[in-house]
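Trainee: Can you keep this structure in mind? I'll have questions shortly.
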Amino acid sequence: MNPNNKNKRLVEVIVSVIMSIAMGMVSTIIVCLNPNANTPPFIIFCLLNVTESIITGVCVALFIPLGKLSDILTRKLKLKNPSLEYNLVYSIPLAIGNALIVSAVVSFINIAIAYTRLDPAPFPPLLVMWASSWLPLIIPMNIISYIFSVIVYPMVTEHFATIANGSGAGNKIRNFRMELLLVFAVVIVGVTIVVDLVVVDRSKTALQNKVSELVAINSRQIELNIDAYLDRMETTPTLLFSDEIYYCYDATDAKISEYDKVKTEEIITDRIVDIGLMNNYNDFGIIYANDHKVGWISHGTQHYFENSSLYDSFSDYIRDNHKGAWLFGINGSNDRFYYIKRLNPNAILISSVYTNELSSVFVYPRQIDGMDIRLVDEHDTIIYSSNQEESGTTLPAEIIAASTGSATESGDSSMIIGDDYLINTNVCSNGWRVICTVPTSIIVKETEELKSFTMRISTLMALIFVLAGLLIIRRVSLPMNDLVMTLQYKAEVDRLSGTMNKTTFQETVEKKLESGAPGIHRAFIMIDMDNFKLINDKNGHSYGDQVIIRFGKLIRSLYDSETLIGRLGGDEFAIYMESDDVQTADVDSFRQAVTAGLDRIMAGFNDEFKEEKSDCNISVSMGAYLSSAAAPAFSTMYEKADKALYHSKENGKNRYTLYEEGADNAQS
C-alpha cells in the first residue's frame, strides 16, 4: 500500500486538499460562534476560508517535506506498512504541520483584512490580534486534520496501489492527475467568482461609506466657513453699541433740534462708514420709525420695498429685541440676504450683502461628479448653490422628502442614504442649512465598471491555474484602492494651493499639539493677502485662483516638509511649526527662525507679485503667535495668531506682527 516516490507527492497534495477543506469549514464555524465576530454571511465566509485553506495546504504539500518527517518517524519506531499503528504515527507530522500552518495563515489573512477596516487606535497591534484569534483554532484544527489524515491517507494510497497494479497504470495516473487538476481548477474558479462578487459588494459598501465620509467633511467645512462669515456680519454691527450716541439717537424725537439732528447724524454716518468698510456690504445703515435713513441703503433695497414702509417691513421680522434676524427672499430680494438688529425702540440697523459674495466661502474639493452643495433657509429656499442657477428657487421636492427628519439644531449634522440620493445636512449657527447631495447612481458607477471587469476575468479563469485566481483578486482590489486613495487625497489637500485644507490642517495640528514633548516651542502663523478682492474685481475669479495657486506654491517652496501649511479659506493661509522642525532648542533662536521665515515670505511675495502689486496694490499681512506652553489648544493659538494678524492689518498692512506668550502687546 506504499505508493512510489513519483506519486507520493500527489497523494500528499490530495490529502492536504481534503484536510484543508475540512479545516476551512471548522474554522468558519468556530469564528462564527463568537458573538463579537464581524464576519460576512456564513456561506461566503466559509468559501473564503476554504479557498485560503486549500491554497495554503497545497503550498505546504508541495514545498514543505512533512511526508519525509513521517517516514523518518515510522522508521525510527520500526513500524510496518500497512498497519493501524503505522497510519496513526505517520499522520502525526502530516496533520500537525498542516493544521498549524493552515490555521495560522487563514487566521492571519482574516485578521489582516479586518484590521485594515478598523481604526487601529483602540485596538491592540495586528500580531497580538492575530495570535489571540489563532490560538483557539490550534487544538480543534489539529484534531480535525489528524482524523482526516488517518482516514484519507490510506484510502488514497490504496487507490494509487490499485492503479499501479492494473494495466495502463501510467495513463490512469496521468488521467487522474488531469481530472484532479481540472476539478481543482473548476472549484477554485467557482470560489473565485463568489469571492469576486463578495469583493465587489464589499467594495461598493466601502466606497459608499468613504464617499459619505468625504461628503460630510466637505459639508462640515462649508458650514464652518459660513458660520465664520455670518459671525463677522453679526459682530460688525455690535460696534455701533460702543457709544450711546450711535444707538440711543432717535430721529423721530421732536425735542431734538434740526441742527442737533444734522450734527448727530453726521457723527453716526462717519461711524457707519468706518465700520462698513470692514465688509463688502450692499446695505449698511439705520432706518427709523419715520423711515428716515442714516448710512447707505441701496436703491435695490428701496425698490423692493417701494410700496411699503421700510421700517415696518423689517420691524415685523424682529421677534427678540436682544437678537438680530436673518432674512432672505423677502419681497423678492433673492440677490441678497439681510441681517437686521434693533438699536432702540424706533431704530433698526440693516446690513446686507449679495448672495454671490458667498462664493468666497463656498470652497470645496470637486472630487465627486454630480455633487451639489446648497445653503437653504428655514423655508427650504436655496440661498446659494454650487449650481448658481438654483439660487432663489425651492429645494427639489425629492430632496425635501428624503431629508425629512434630518438635523435641525445649530451645529447638528445628519447623513441619509436613500435610493436616489446621498444627503448630508449641517445646520449653521443661524438655523440655515448646508445640504450636500450626491446621486447614488454616480457613487456606484465605478463599482459597476469594476463588477463587469471582474466577471469577465473570473470566466476566463476556467482555463488558468490556482495562482492566476490570486492575481485576479489582487487586480480587482487595485482599482478600488486607487480610487479611495485619490478621494482621500482630494479631501485632505486644497484644490488650488496644494496645501492642506482647513479641516485636515486643524486635525494635523491638534495631533501634534497633543503629542508634543515638553520644552518644545511652537509658532502659529496667520497669513492674509491685502486687497485681494481687487484682483477678482479687476481681473476675474480665474485670475484670482491663479494668484492663490502661485502663493501656495511660494509658501511651500520656503518651508520643508516638516512644517504644516494649510489654506483656511479665500486668501487666508496658516503655518504651524515647532522648534524641532528648525533644529533649535532655545526660544530666541526659534523666534529668529520664525521671523526669518516671515521675511522670506514678504520678500518672495514682493518678487512674485510685482505686477499685481503695481496694478492692485496687493500685499501680504501676517500674524505669528509663539508659545512654549506644554499643550496649548488649537483654538488659543489660532485666536492669538489672528489677533496678531489683525494688528498688522490695523497698522498699515504689508507687515507682520509677533505675539508671544506672556507678552502684553503684539510686536510688529
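Trainee: Filter region 306-344 for residues that are part of a helix (DSSP H, G or I) and either open to solvent by 50 Å² or more (accessible area, probe 1.4 Å) or touching a Lys or Arg at 6+ places or on another chain (Cβ under 9 Å) (or both) and give the result. Write out each step before concluding.
Mentor: The initial filter retains those residues of region 306-344 that are part of a helix (DSSP H, G or I), namely 310-315, 330-332.
Scanning region 306-344 gives LEU310, ASP312, SER315, ASN331.
Trainee: Only residues that are under 16 Å from VAL363 (Cα atoms), modelled with pLDDT of 90 or more and either in contact with a helix residue (DSSP H, G or I) (Cβ under 9 Å, 6 or more places away or on another chain) or open to solvent by 70 Å² or more (accessible area, probe 1.4 Å) (or both): list them for region 546-570, please.
Mentor: Initial filter on region 546-570 (under 16 Å from VAL363 (Cα atoms)): 546-549, 552, 566-570.
Retained after the next criterion (residues that are modelled with pLDDT of 90 or more): 546-549, 552, 566-568.
Answer for region 546-570, where residues must be under 16 Å from VAL363 (Cα atoms), modelled with pLDDT of 90 or more and either in contact with a helix residue (DSSP H, G or I) (Cβ under 9 Å, 6 or more places away or on another chain) or open to solvent by 70 Å² or more (accessible area, probe 1.4 Å) (or both): GLN546, VAL547, ILE548, GLY566, ARG567, LEU568.
Trainee: Going by the structure shown, is SER27 within 49 Å of the chain's Cα centre (by Cα), within 18 Å of PRO154 (Cα to Cα) and at pLDDT below 80? Give the steps one after another, and end with the answer.
Mentor: Working: within 49 Å of the chain's Cα centre (by Cα): yes; within 18 Å of PRO154 (Cα to Cα): no; at pLDDT below 80: yes.
No; evaluated as a whole, the condition is false for this residue.
Trainee: Let me ask something else. Could you tell me whether region 254-275 includes any residue that is closer than 22 Å to VAL361 by Cβ, touching a helix residue (DSSP H, G or I) at 6+ places or on another chain (Cβ under 7 Å) and either among the aromatic types (Phe, Trp, Tyr) or in a helix (DSSP H, G or I) (or both)? Spell out the reasoning first.
Mentor: Taking region 254-275 first, the residues closer than 22 Å to VAL361 by Cβ are 275.
Now drop any that are not touching a helix residue (DSSP H, G or I) at 6+ places or on another chain (Cβ under 7 Å), which leaves 275.
Right, trim to either among the aromatic types (Phe, Trp, Tyr) or in a helix (DSSP H, G or I) (or both) and you get 275.
Yes: region 254-275 contains one or more residues that are closer than 22 Å to VAL361 by Cβ, touching a helix residue (DSSP H, G or I) at 6+ places or on another chain (Cβ under 7 Å) and either among the aromatic types (Phe, Trp, Tyr) or in a helix (DSSP H, G or I) (or both).
Trainee: Have a look at ILE101, ILE96, ILE64 and point out the one that is at pLDDT 85 or above and either over 17 Å from VAL150 (Cβ atoms) or crowded, with 19+ Cβ neighbours inside 10 Å (or both). Give the steps one after another, and end with the answer.
Mentor: Details: ILE96 fails: either over 17 Å from VAL150 (Cβ atoms) or crowded, with 19+ Cβ neighbours inside 10 Å (or both); ILE64 fails: at pLDDT 85 or above.
Result: ILE101 is the single residue among ILE101, ILE96, ILE64 that is at pLDDT 85 or above and either over 17 Å from VAL150 (Cβ atoms) or crowded, with 19+ Cβ neighbours inside 10 Å (or both).
Trainee: Moving on to the next point. Can you name the condition, by its number, that SER70 falls short on among (1) farther than 15 Å from GLY24 by Cα; (2) under 40 Å from the mean Cα position of the chain (by Cα); (3) open to solvent by less than 70 Å² (accessible area, probe 1.4 Å); (4) not aliphatic (A, V, I, L, M)?
Mentor: It is condition (2) that SER70 fails.
Trainee: Only residues that are closer than 15 Å to ASP380 by Cβ, open to solvent by 10 Å² or more (accessible area, probe 1.4 Å) and among the polar types (S, T, N, Q): list them for region 404-435, please.
Mentor: THR404, SER406, THR408
Trainee: Here's a follow-up. Does GLU357 count as open to solvent by 40 Å² or more (accessible area, probe 1.4 Å) and at pLDDT 80 or above?
Mentor: Numbers: open to solvent by 40 Å² or more (accessible area, probe 1.4 Å): yes; at pLDDT 80 or above: yes.
It is true that GLU357 is open to solvent by 40 Å² or more (accessible area, probe 1.4 Å) and at pLDDT 80 or above.
Trainee: What are the residue pairs meeting all of these: first residue in region 624-650, first residue at pLDDT below 90 and of a type outside the set (Val, Ile, Thr), second residue surrounded by fewer than 18 Cβ atoms within 10 Å (Cβ to Cβ) and part of a helix (DSSP H, G or I), Cβ atoms under 9 Å, and 6 or more apart or on different chains?
Mentor: SER627/THR636; SER628/VAL587; ALA629/THR636; ALA631/GLU514; ALA633/GLU510
Trainee: Mind checking which pairs have a first residue in region 126-138 that is touching a residue at least 12 places away in the same chain (Cβ under 8 Å) and a second that is of a type outside the set (Lys, Arg) and outside any helix (DSSP H, G or I), Cβ under 6 Å, 6 or more apart or different chains?
Mentor: Note: no pairs meet the criteria.
Trainee: Let me ask something additional. Cβ-Cβ below 7 Å, separation at least six or inter-chain, first residue in region 218-245 and under 16 Å from LEU343 (Cα atoms), second open to solvent by less than 10 Å² (accessible area, probe 1.4 Å) and at pLDDT 85 or above: which pairs?
Mentor: Sorted first by the residue in region 218-245, then by its partner, the pairs are MET233/SER351; PRO237/LEU349; PRO237/SER351; LEU240/LEU349.
Trainee: Counting only residues that are surrounded by 14 or more Cβ atoms within 10 Å (Cβ to Cβ) and small (Gly, Ala, Ser), which one in region 475-527 is modelled with the highest pLDDT?
Mentor: Restricting to residues being surrounded by 14 or more Cβ atoms within 10 Å (Cβ to Cβ) and small (Gly, Ala, Ser), the top hit is ALA523.
Trainee: Then there's this: Please go through region 280-296 and give me each residue that is assigned to a loop (DSSP other than H, G, I, E, B) and either out of contact with any strand residue (DSSP E or B) (no Cβ under 7 Å at 6 or more places or on another chain) or at pLDDT 90 or above (or both), ordered by number. Working first, answer last.
Mentor: Of all residues in region 280-296, those assigned to a loop (DSSP other than H, G, I, E, B) come to 280-282, 289-292.
Of everything in region 280-296, those that are assigned to a loop (DSSP other than H, G, I, E, B) and either out of contact with any strand residue (DSSP E or B) (no Cβ under 7 Å at 6 or more places or on another chain) or at pLDDT 90 or above (or both) turn out to be ALA289, ASN290, ASP291, HIS292.
Trainee: Could I ask something else about it? Looking at region 282-334, which of its residues are of a type in the set (Asp, Glu) and under 42 Å from the mean Cα position of the chain (by Cα)? Don't jump to the end; show me each part of the working.
Mentor: First, pick out the residues of region 282-334 that are of a type in the set (Asp, Glu): 283, 291, 306, 312, 316, 320.
Within region 282-334, ASP283, ASP320 qualify.
Residues are listed down the side, and each one gets a yes or a no for (1) at positive phi; (2) basic (Lys, Arg); (3) in contact (Cβ under 8 Å) with a residue 40 or more places away in the chain:
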{"site": "ASP291", "(1), (2), (3)": "yes, no, no"}
{"site": "ILE297", "(1), (2), (3)": "no, no, yes"}
{"site": "SER313", "(1), (2), (3)": "no, no, no"}
{"site": "ASP320", "(1), (2), (3)": "no, no, no"}
{"site": "LYS323", "(1), (2), (3)": "no, yes, no"}
{"site": "PHE328", "(1), (2), (3)": "no, no, yes"}
{"site": "TYR339", "(1), (2), (3)": "no, no, yes"}
{"site": "SER352", "(1), (2), (3)": "no, no, yes"}
{"site": "SER360", "(1), (2), (3)": "no, no, yes"}
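Trainee: Going residue by residue through region 571-579, is there one that turns out to be surrounded by fewer than 19 Cβ atoms within 10 Å (Cβ to Cβ), out of contact with any Lys or Arg (no Cβ under 7 Å at 6 or more places or on another chain) and either at pLDDT 90 or above or not in a helix (DSSP H, G or I) (or both)?
Mentor: yes
Trainee: Then there is this: For region 533-543, check the following and say yes or no: at least one residue is surrounded by 15 or more Cβ atoms within 10 Å (Cβ to Cβ) and polar (S, T, N, Q).
Mentor: First pass over region 533-543, keeping only residues surrounded by 15 or more Cβ atoms within 10 Å (Cβ to Cβ): 533-536, 539.
Add one more test, that the residue is polar (S, T, N, Q), and what stays is 536, 539.
Yes, there is a match, as at least one residue in region 533-543 is surrounded by 15 or more Cβ atoms within 10 Å (Cβ to Cβ) and polar (S, T, N, Q).
Trainee: Within region 600-655, work out how many residues are closer than 19 Å to GLU514 by Cβ, of a type in the set (Lys, Arg) and either open to solvent by less than 30 Å² (accessible area, probe 1.4 Å) or part of a loop (DSSP other than H, G, I, E, B) (or both).
Mentor: Of the residues in that region, 0 qualify.
Trainee: Which residues, taken from region 228-256, are more than 19 Å from PRO345 (Cα to Cα) and open to solvent by less than 50 Å² (accessible area, probe 1.4 Å)? Walk me through how you get there before you give the answer.
Mentor: Pass one, region 228-256, residues more than 19 Å from PRO345 (Cα to Cα): 228-236.
Residues satisfying the conditions are ALA228, TYR229, LEU230, MET233, THR236.
Trainee: Another question, then. Given the conditions (1) modelled with pLDDT of 75 or more; (2) out of contact with any Ser or Thr (no Cβ under 8 Å at 6 or more places or on another chain); (3) not basic (Lys, Arg), and given that GLN221 satisfies all but one, which numbered condition is not satisfied?
Mentor: (2)
The values are calculated or read from the model by the stated rules, or taken from the named source; none is laboratory data. Remember, it's a predicted structure, so these values are computed and weren't measured experimentally. Backbone-built Cβ (ideal geometry, glycine too); neighbour counts: all protein chains shown. Each accessible area value is taken on the protein alone, full model and side chains, heavy atoms only, with ligands, DNA and RNA left out. Shrake-Rupley method; radii C 1.70, N 1.55, O 1.52, S 1.80 Å.
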